[in-house]
1. Could you list all residues from region 261-290 that are within 16 Å of the ligand (Cβ to nearest atom), more than 16 Å from the chain's Cα centre (by Cα) and open to solvent by less than 40 Å² (accessible area, probe 1.4 Å)?
2. Report yes if D195 is farther than 14 Å from A238 by Cβ, modelled with pLDDT of 95 or more, of a type in the set (D, E) and more than 12 Å from the ligand (Cβ to nearest atom), otherwise no.
3. Counting just the residues of region 122-159 that are assigned to a loop (DSSP other than H, G, I, E, B) and farther than 21 Å from H108 by Cβ, which one comes out farthest from the ligand (Cβ to nearest atom)?
4. What single numbered condition from (1) more than 16 Å from the ligand (Cβ to nearest atom); (2) farther than 29 Å from L395 by Cβ; (3) outside any helix (DSSP H, G or I) fails to hold for L229?
5. Looking at region 240-260 only, could you name the residues that are within 16 Å of the ligand (Cβ to nearest atom) and farther than 15 Å from H295 by Cα?
6. Inspect all residues belonging to region 201-217 and state whether any of them is closer than 27 Å to A242 by Cβ, within 16 Å of the ligand (Cβ to nearest atom), out of contact with any strand residue (DSSP E or B) (no Cβ under 6 Å at 6 or more places or on another chain) and open to solvent by 10 Å² or more (accessible area, probe 1.4 Å).
7. Tell me, yes or no, whether region 183-198 has at least one residue that is over 26 Å from A278 (Cβ atoms) and either aromatic (F, W, Y) or without any contact (Cβ under 8 Å) to a residue 12 or more places away in the chain (or both).
8. Quick one: which of D459, D445 is surrounded by fewer than 12 Cβ atoms within 10 Å (Cβ to Cβ) and acidic (D, E)?
Amino acid sequence: MATQASADFGLIGLGVMGSNLALNVADHGFRVALWDRRPEHGQEFVRRHGPARLEYHAELRDFVAALKPPRRILIMITAGPAVDEVLEALAPLCAAGDVLIDGGNTWHEDTLRREQRLRARGLSFFGMGVSGGEEGARRGPSLMPGGDPQGYRSLAPVLEAIAARTADGPCVTHVGPGGAGHYVKMVHNGIEYADMQAIAEAYDLLHRGLGLDNGRLAATFGAWNQGPLESFLIEITAKIFAVREPDGGALIDRVLDKAGQKGTGKWTLQAALDLGVAMPSIAAALDARVLSSQHALRQRFAAGRPAATPPRLPVSVQDVHDALLLSKAAAYAQGFELLARASSEYRWNLQLSELARIWKGGCIIRARFLDEIRRAYVEQPALEHLALAPHFRGLLSAHLATLGRVVAAAAQAGIPVPAFAASHQTLLALLSPRLPQNLVQAQRDAFGAHTFQRATAPDGPFEHYDWLGSGARA
Ligand code: 6PG
C-alpha cells in the first residue's frame with residue numbers, strides 16, 4: 001500500500017541532537033517523519049514520545065513518501081562521508097523543489113560541493129549551523145541556514161517556530177547562499193573556543209593567583225553574570241563551581257585538565273589563514289587545548305621540580321573581570337572580522353548585525369555583549385573593525401592598561417594566560433601606527449630581493465635596494 005504523504009517535516013538521524021530537534025519540531029504542531037538506520041531505536045523513540053506527531057519509517061523510500069511536497073528533510077548525522085551516502089540515497093527519491101538540510105558541523109567547502117551537485121538535480125540543499133547543544137535543540141537553538149532564497153521560504157515557518165526567541169525575534173535568519181551557514185557556525189565555534197579559554201584563564205588567576213575557593217568562584221562568576229559579562233558561558237561556569245560529589249568534594253577539582261576538540265576551532269583558523277585574517281585569541285585558545293592535552297609530557301616536566309605556589313597576584317578581582325571583558329571583545333572582533341572578509345571574498349552579503357542578533361539566544365556564545373555588536377553593525381554595516389565602534393573604543397580606553405597589567409602579573413607569577421596575552425598583543429598591534437615590520441621588509445628585500453615600499457608613500461611603488469652590497473639585482 002502506498003504511504004500517504006501526511007508529514008510536514010522529515011528528520012534523519014536520531015542521535016542526541018536529532019532526537020531533540022524532532023521533539024522540538026513536533027511540539028510546534030508539525031507532524032515529523034523519522035528515519036534512522038537503527039529500526040529498533042526509531043520505533044522505540046516513537047513509542048516513548050507518542051505517535052501523535054511522530055512516525056518512523058524503516059525504509060528510506062517510505063520515509064520520503066510520507067512527506068508532503070515540497071519536502072523538507074533535516075539530516076542530523078556525523079559530518080563526513082556519511083552525509084554523502086545519505087544524500088546519494090535520498091536524492092533519487094526526492095523531487096524538484098524539495099529542500100534537504102545538513103544540520104551537522106560540516107566543513108563549508110563540502111557543503112558548497114553538495115549544494116552544487118544537488119542543485120544540478122533540481123534539489124535545494126542547505127548547510128545549517130545548529131548551536132545550543134542538547135538543551136538548545138530541544139527548547140530552542142540558534143539556527144544558521146545557508147542556501148537558496150526559495151528553499152529558505154519553504155523552511156522558514158518550521159525554523160522560526162523551533163528556534164530560540166529573544167526580544168529581537170527568532171534566532172534564525174537566512175544567512176546566505178551555499179556554504180555560508182556552515183561557515184558562520186564554524187566561526188561561532190572559533191569564538192566559543194576563545195571565550196571558554198579566556199574564562200578558564202580568569203578562573204586560574206582568581207583561584208591560583210588570588211586564592212578564591214570554589215564557593216567564592218561560584219559567587220564571583222554569578223555576580224559577573226549580572227553585568228556586562230552576562231552570558232551562557234559565565235552562567236554555566238558559576239554553576240560548575242558549585243557542583244559537589246556525594247562525599248562533598250568539588251567535582252571541578254577532580255576533572256582532568258586535558259581539553260578535547262572536534263575540529264571546528266581548527267577549521268576557523270584554517271579559514272582565517274586562507275583569507276589572511278589574524279585571529280591570535282582563537283589560535284591561543286586552540287593551542288592551549290593542544291598543550292593541555294600533552295598531559296603526560298607536562299607531568300614529566302613537572303617531576304622533580306618543587307610544586308610552586310604562585311605568589312599572590314598584585315591585581316584585584318575587578319581587574320580580572322575587566323581583562324576578561326576586553327579579551328572577550330578582542331576574540332569576538334576577530335570572529336566578526338573573518339566573517340566580514342569571507343562575506344566579501346565569497347560574495348555572501350552576510351548581514352553581520354543579523355548574525356549578532358541570532359547569536360543572542362539559543363547558542364553557546366549567547367551574551368548580553370552581542371547587543372553592542374549588533375548596534376555597531378546596524379549603525380555601520382560596512383564597519384571595518386569592531387574596535388572602531390564607539391562602545392568598543394570605550395572598552396579599549398577603559399581596560400587596555402588593566403589587561404596589560406593582568407598579563408604582566410600572570411607572567412611574573414608563572415601562570416599561563418595565552419588568550420589574555422594574545423588579545424592584549426593583538427590590540428596593541430592594532431593601535432600601533434608604527435610596527436617593526438619595516439625591518440622584516442628590509443630583511444626580505446636584503447636576502448631575497450622581495451622589494452619594499454617607502455613609509456612616505458604607503459601606496460607607492462615597490463623598490464629593491466642592494467642592502468648587503470653584493471651587487472645582486474632584483
Ligand atoms: C554548539 C557547540 C557544538 C559543540 C562544539 C564542541 O554550538 O552547540 O559549539 O557545536 O558542542 O562543537 O566542540 P569541541 O568538541 O570542538 O569543543
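1. Matches in region 261-290: A288 only.
2. Values: farther than 14 Å from A238 by Cβ: yes; modelled with pLDDT of 95 or more: yes; of a type in the set (D, E): yes; more than 12 Å from the ligand (Cβ to nearest atom): no.
No: the conditions fail for D195.
3. Looking at the filtered set, the residue picked out is G122.
4. (2)
5. In the first step, residues of region 240-260 are kept if they are within 16 Å of the ligand (Cβ to nearest atom); the result is 240, 255-260.
Selection gives I240 alone.
6. No - not one qualifying residue is present in region 201-217.
7. The answer is no, given that none of the residues of region 183-198 is over 26 Å from A278 (Cβ atoms) and either aromatic (F, W, Y) or without any contact (Cβ under 8 Å) to a residue 12 or more places away in the chain (or both).
8. Values: D445 fails: surrounded by fewer than 12 Cβ atoms within 10 Å (Cβ to Cβ).
Just a single option satisfies the conditions, and that option is D459.
The values are calculated or read from the model by the stated rules, or taken from the named source; none is laboratory data. Because the structure is a prediction, the values reported are computed rather than measured. In this analysis, Cβ positions are derived from the backbone assuming ideal geometry, glycine residues included, and neighbour counts consider all displayed protein chains. Just so you know, the surface numbers come from the protein's heavy atoms only, side chains and all, with ligands and any DNA or RNA stripped out. Shrake-Rupley method; radii C 1.70, N 1.55, O 1.52, S 1.80 Å.
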